[in-house]
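> Okay, here's the structure, questions in a sec.
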Amino acid sequence: MSMRKLVVFLITAAALCAQGRFEFWPGATYDPAVPTFEKVLGYGAGEKLASHADIVKYFETLAAASGGRMKVVEYAKSWEGRKLFYAVIASEANQKKMASIQGDIQKLADPRKTSDADAKRIMAGLPAVVWLGYTVHGNEPSGSDAAMLTAYHLLAARNQKLVDSVLANTVILIDPLQNPDGRTRFVNNFEQAYGLEANGSVVAAERNEPWPGGRANHYLFDMNRDWFALTQPETVGRIKMLLQWFPVVAADLHEMGSESTYYFAPEATPFNPHLTKEQKTSLDWFGKNNAKYFDQMGYSYFTREVYDAWFPGYGASWPAYHGTIAMTYENASVRGMLYTRLDGSAYTFQESVKRHFVTSVATCEAAAMYRTQLLENFWAYRKTAIEEGRTEPVKGYILSRKGDGSAADKLAESLVTQGVEVGKLASGASGAPDGSYLVSLAQPAKRLIRTMLDKDVALEADFAKEQERRRKKKLGDEIYDVTAWSLPLMYGVESIPVTSLPGGSTPFTGARPKPAVPAKAQVAYVIPWGTQAAGAFLTAALRAGLKVHSVDKPFVQNGRKFDRGTLAVKVKENAENVHELVLKAQGYAEIVATDSGWVESGVNLGSRSANVMKKPVIAMAWDRPVSANSAGAAKWMLERQYGYPVTAVRVSSMALADFSKFDVLILPDATGDYATALGAGAIRRLKEWVANGGTVIGIEAGVEFLADARVGLLATAREAMAVEKKVDPAKPDAGGRVPGKVLAGEADFLKAIEPENDQLDAVQGILGVAKTDPDHWLTAGVPATVTALVQGRTVFSPLKLNAGTNVAYFEGADKLVASGYMWEESRKQMAYKPLVMVQREGRGHVIGFTNDPNFRGYMDGMNIFFLNAIFRGVAHSR
């Protein structure tokens, strides 16, 4: 061996020793010029939970050493200021022409602008773009480490035909850490609990996170439910990035229970009807390629179970409605460095990283193998979507600005952000209010539009029938998530399907319309209530120190009717710079300047019905047993949608907390018992605080706490399952025997085995319609009916008239379900039961929301109701 060859051998051996303490890809050799984990970070792949800083450092180091084959692009910042980025990996030749590649992708994405001949020419030389997304749940750690290893392998592997094919035929986008805030929380929790060595016990502190855990982001949102809602900056940035690339393949890599194996596509049923047969069959290409490597390595896996392609809010579903082959991969989680399985075997973090690494590489390989078919299917998906939009009976939707126009504006903006073309209707078009929007279905995003704007997407009949069969046998249903997600229903926006498109619309770019600037008022500024924009004005005005009144009754001034809840800022009751402060707080709200307090009918601004809106100090229960998602959604809604601060108070601190410092206490949904967690002393002081003028708001389990006999603040109760009256079973005789009974058939048998005291089966998530009481202050600005997300099995009895008011209650069984699939007995029992209750307690108020009005940040149509509970609740306390 020559000296030169010996030096190369020794360098390679050293690199393999450093990188290869654990063999991730059997037989692979690597270019020593590409930096290893150990060289950059001081530890090998999977030997430590990489921090966000380490992940950034390693990718930036790889990019610098890649010889032009990898670039790192920042696409967003998390709430806590951490960088979200992706790596673009391709051959050096493709990197040099990447701008041209992206331009060709955009041409292929719009068949209206590209001919079949041009598309064929483009596809002949276009690489397939693949997006690999990791760790959207921060406590599913193997993904990010696998992402680093995948990037290293694609850059450093030598003499490997697989990698050569991938670099020649694809552009790989690696999104290594979709939730940096959640992962940072998870890693910190792990490191604080870690001892002398890794502990695989199921109860070890290092594997069991304290509240709220690392799954969610800063505001405790599950971002794998946010893709169509766009409530979080991480999601918004990612959506914008993907629309620049239109990947033909997307894999979102997750973790599941530690005793599981590994899941990859094809997905389980139900399959969303707005996806195509070609998308469904293409999943087999990737599943079979993953299986090939897992079989070689002796890894167990499963497909077609549990994880479905139904709900559009997943990272493995939303891209599919633009024509992508989108998939979920689920890895058994170690939740640390070691897990001891129930059979006694050890499962290490390195092994979990390897599984995600293998499927990542296998997915890239399959995309390279099927490049031509993937591009052709993508083109066909976009082209047939346009054709369907032109030929199907419904040609589009009008999003009306009737009612809350600011909600319609926000919805239109969200659609544009998601790659949907939206038009602004000309004044008077189709009878819709000025400024309403038109969404034509004759566009490439047609199937995404139908999925998000249709009132209902019906479950497959066979699947629904099977769930009913399983329920009868108490086997539990197989519905993975909510069955309803219609954005117009959730926003409270009227969506009108049209069979012919009105003319005169102009493209809407996503910039919300600003209202007219009011003139300088002599008497008052009047702000119509009932819109999101008015809610944002109220919070901004209170924080700016403005004195604001809210009028409980309607009035007519200068020929215009102002409904209940209208806000008034009186000039003489505020500082000299009131005009400037009002303009600064305006945002998107309509403001009417008035030079007189005189009205043609109704109450005057000086009426006793005009209540001063106090600037409330809001406390919210935090930490166990509070539901992290419920608390996070409420806090986010107030702080980020409406710019109003909330004091999070740990439940364990409430025994010593001085409630008198607060005006409002919010009790979010909970996973445990509030009464036990708080204790008798805190409950007694809470009741005294309410009696002295405090406003307490319970959500779901918070309502159950307020109704608890140990608390007695809300005269309702959770209902047992309603059943037909049965004959009491005979008591056993002295020998333990009961009277015999003849079962004449299977129907008798099924009835005989029904439990005597059962509970309702949990509803996985429907949109239900509730009526509102037009005479109560809590419904000011709220429409006659509202839509709520109904989930779970809890039903509460209505308040008696002498106890309080059921200010919103569900419609009858035949009208209750606006969208989604609901069990018949749940629908019948939920009918005419309360959604929102109010009970006076001394000088304060007790308000209960039986279903979460802030669910996942989706339910914009419930915002005014929740704001009323806080701000008008305080105004009406004595």
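The values are calculated or read from the model by the stated rules, or taken from the named source; none is laboratory data. Predicted model only: the values in this text are computed from it and were never measured. Heads up, the Cβs are rebuilt from the backbone with ideal geometry, glycines too, and the neighbour counts pull from every protein chain shown. The accessibility values were calculated without ligands, DNA or RNA, using every heavy atom of the protein model including side chains. Shrake-Rupley method; radii C 1.70, N 1.55, O 1.52, S 1.80 Å.
> Along the Cα→Cβ direction, 7 angstrom out, place labels at Tyr832 and Glu468. What is the inter-label distance in nm?
Taking the simple label geometry, Tyr832 and Glu468 are separated by 2.5 nm.
> Against the longest principal axis of the chain, how steep is helix 52-64, in degrees 0 to 90 to the nearest 10, with axes from Cα atoms?
40
> Return one whole number: the accessible area per residue of the chain in Å², for a 1.4 Å probe. Before the final figure, lay out each step's value.
Details: 35170 Å² over 878 residues.
For the chain, the per-residue accessible area is 40 Å².
> Still on this structure: Give me the percent of the accessible area of segment 193-238 that comes from carbon and sulfur atoms, probe 1.4 Å, all protein chains in place.
56
> Could you tell me which residue out of Ser819, Leu411, Gly42 lies farthest along the dipole of the chain toward its positive end? Charges go on the beta carbon: Lys and Arg +1, Asp and Glu -1, centred on the Cα centre.
The Cα lying farthest towards the positive end belongs to Leu411.
> Please state the equivalent ellipsoid semi-axes for segment 228-353: what are the square roots of 5 times the Cα gyration tensor eigenvalues, largest first, in whole Å?
28, 18, 13
> Based on the Cα atoms of segment 302-427, what semi-axes does the equivalent ellipsoid have, where each is the square root of 5 times one gyration tensor eigenvalue, given in whole Å with the largest first? Intermediate results must be reported in sequence, preceding the final value.
Details: eigenvalues 343, 96, 29 Å².
For segment 302-427, the semi-axes come out at 41, 22, 12 Å.
> Over the heavy atoms of Trp211, what accessible area does a 1.4 Å probe trace out, to the nearest 10 Å²?
The value for Trp211 is about 40 Å².
> Please pull out the direction-averaged projected area of segment 749-878, using the convex hull of its alpha-carbon atoms, in nm² to one decimal place.
Mean orientational projected area (segment 749-878, Cα hull): 9.3 nm².
> Turning to a different aspect of this structure: Rounded to the nearest percent, how much of the accessible area of segment 763-878 (1.4 Å probe, protein heavy atoms only) is carbon and sulfur?
The computed percentage sits at 47.
> How much length, in nm to one decimal, is gained on full extension between Arg560 and Thr499, taken as 0.36 nm per residue of separation minus their Cα-Cα distance?
18.5 nm
> Please tell me the relative contact order of segment 604-701 in percent, rounded to the nearest whole number, where contacts are Cα pairs under 8 Å and at least six residues apart.
Numbers: 135 pairs, mean separation 32.8, N = 98.
Relative contact order of segment 604-701: 34 percent.
> Quick one: compute the contact order of the chain, relative version, from alpha carbon pairs under 8 angstrom and 6+ residues apart, as a percent.
Relative contact order here is 10 percent.
> If you don't mind, there's one more thing I want to ask. Put +1 on the Cβ of every Lys and Arg and -1 on every Asp and Glu Cβ in the chain; which of Val790, Gly143, Gln443 then has its Cα farthest towards the positive end of the dipole?
Final value for the positive-end residue is Gln443.
> Would you please give the residues with an amide H less than 5 Å from that of Ala309, counting only those at least 5 places away or on a separate chain, with H modeled from the backbone geometry?
Ala268, Asn272
> Tell me which lysines have Cα within less than 26 Å of Lys292's Cα, excluding those fewer than 8 residues away on the same chain?
Reachable lysines: Lys161, Lys277, Lys280, Lys354.
> Just to be sure I understand: of the beta bridges DSSP finds with both ends in the chain, what percent are antiparallel, rounded to 5? List each step's numbers first, then the result.
Numbers: 70 of 108 bridges.
Of all bridge pairs located within the chain, approximately 65 percent are antiparallel.
> What is the packing order of peptides 866-872, 811-817, taking the mean over residues of other C-beta atoms within 10 Å and listing the highest first?
The densest-packed peptide leads the list: 866-872, 811-817.
> With a 10 Å radius around each residue's Cβ, average the other Cβ atoms per peptide and rank 52-58, 365-371, 38-44, highest first.
Peptide ranking by packing, descending: 365-371, 52-58, 38-44.
> How large, in percent, is the carbon and sulfur part of the accessible surface of segment 252-319 at a probe radius of 1.4 Å?
50
> Set the Förster distance to 35 Å, then compute FRET efficiency between Val202 and Ala762 from the Cβ-Cβ distance, nearest 0.05.
0.85
> Now a separate question. Which of the lysines could be linked to Lys731 by a straight reach, that is with a Cα gap under 25 Å, when you skip same-chain ones fewer than 8 residues away?
Counting by Cα, and skipping residues close in sequence, Lys731 has these lysines nearby: Lys741, Lys751.
> Next question, about the same structure. Of Lys474/Lys828; Lys514/Lys570; Lys83/Lys107; Lys424/Lys520, which sit over 26 Å apart, Cα to Cα?
Lys83/Lys107; Lys424/Lys520
> Shifting gears a bit: Roughly how many nanometres apart are two label points built 7 Å out from the Cα toward the Cβ at Ser115 and Thr261?
So the label points at Ser115 and Thr261 sit 5.2 nm apart.
> Show which lysines lie in cross-link reach of Lys833 when reach means a straight Cα distance below 22 angstrom and same-chain residues fewer than eight apart are skipped.
Lys833 reaches Lys725, Lys771, Lys800, Lys815.
> Over segment 784-878, what relative contact order in percent results from Cα pairs under 8 Å that are six or more residues apart?
30
> Let me ask something else about it. What length, rounded to one decimal in nm, is gained on full extension from Ala53 through to Glu824, with 0.36 nm per residue of separation minus their alpha-carbon distance?
272.4 nm
> Between Ser427 and Val523, what FRET efficiency comes out of the Förster formula 1/(1 + (r/R0)^6) with R0 = 35 Å and r the beta carbon distance, rounded to 0.05?
After rounding, the FRET efficiency stands at 0.70.
> If one computes the Cα centroid of segment 534-561 and of segment 315-373, what distance in Å separates the two points?
So the two Cα centres are separated by 53 Å.
> Okay, next question. In whole angstrom, how far apart do the alpha carbon centroids of segment 394-423 and segment 49-92 sit?
So the two Cα centres are separated by 35 Å.
> Which angle from 0 to 90°, rounded to the nearest 10, does the C-alpha axis of helix 371-391 make with the longest principal axis of the chain?
Tilt relative to the chain: about 30 degrees.
> Note down the magnitude of the dipole of the chain about its Cα centre, charges +1 on Lys and Arg C-beta and -1 on Asp and Glu C-beta and zero elsewhere, to the nearest 20 debye.
Taking the Cα centre of the chain as origin, the dipole is about 1560 debye.
> How long are the semi-axes of the equivalent ellipsoid of segment 31-146, taking √(5λ) for every eigenvalue λ of the Cα gyration tensor, in whole Å from largest down?
Ellipsoid semi-axes (Å, largest first): 33, 18, 12.
> Let me ask you something else. What nm distance separates the two modelled labels at Glu376 and Lys731, each placed 7 Å from Cα along Cα→Cβ?
With each label point 7 Å from Cα toward Cβ, the separation is 7.8 nm.
> Can you run phi through the Karplus equation (6.51, -1.76, 1.60; θ = phi - 60°) for segment 163-168 and list ³J(HN,Hα) in whole Hz, with x for Gly and Pro?
Computed from phi, the couplings for segment 163-168 are 5, 4, 5, 4, 5, 7 Hz.
> Okay, moving on. Over segment 686-798, what portion of Cα pair distances is larger than 20 Å, expressed as a whole percent? It would help to have the intermediate numbers written out before the result.
Working: 4157 of 6328 pairs.
Tail of P(r) above 20 Å: 66 percent of Cα pairs.
> Looking at Gln532, Ala633, Ala589, which one has the Cα that reaches farthest to the positive end of the dipole of segment 501-634 (charges on Cβ: Lys, Arg +1; Asp, Glu -1)?
Farthest along the dipole direction, towards plus: Ala633.
> Sticking with this one: Which of the pairs Lys410/Lys584; Lys39/Lys77; Lys97/Lys455 have their Cα atoms more than 32 Å apart in this structure?
Lys97/Lys455
> In bins 5 Å wide, starting from 0, what share of all Cα pairs of segment 87-230 does each bin hold, as a percent?
Cα pair-distance distribution for segment 87-230, in percent: 2, 9, 13, 14, 13, 12, 12, 10, 7, 4, 3, 1, 0, 0.
> Extension gain Arg608-Lys71, at 0.36 nm per residue separation less the Cα-Cα distance, in nm? Display every interim value, and only then the final one.
On the way: separation 537, 0.36 × 537 = 193.32 nm, distance 6.53 nm.
Full extension from Arg608 to Lys71 adds 186.8 nm.
> Return the FRET efficiency for the residue pair Glu576, Glu60: r is the Cβ-Cβ distance, R0 is 51 Å, and the value is rounded to the nearest 0.05.
For R0 = 51 Å, the calculated efficiency reads 0.40.
> Helix 3-19 versus the longest principal axis of the chain: what is the Cα-based angle in degrees, 0 to 90, to the nearest 10?
That helix lies at roughly 30 degrees to the long axis.
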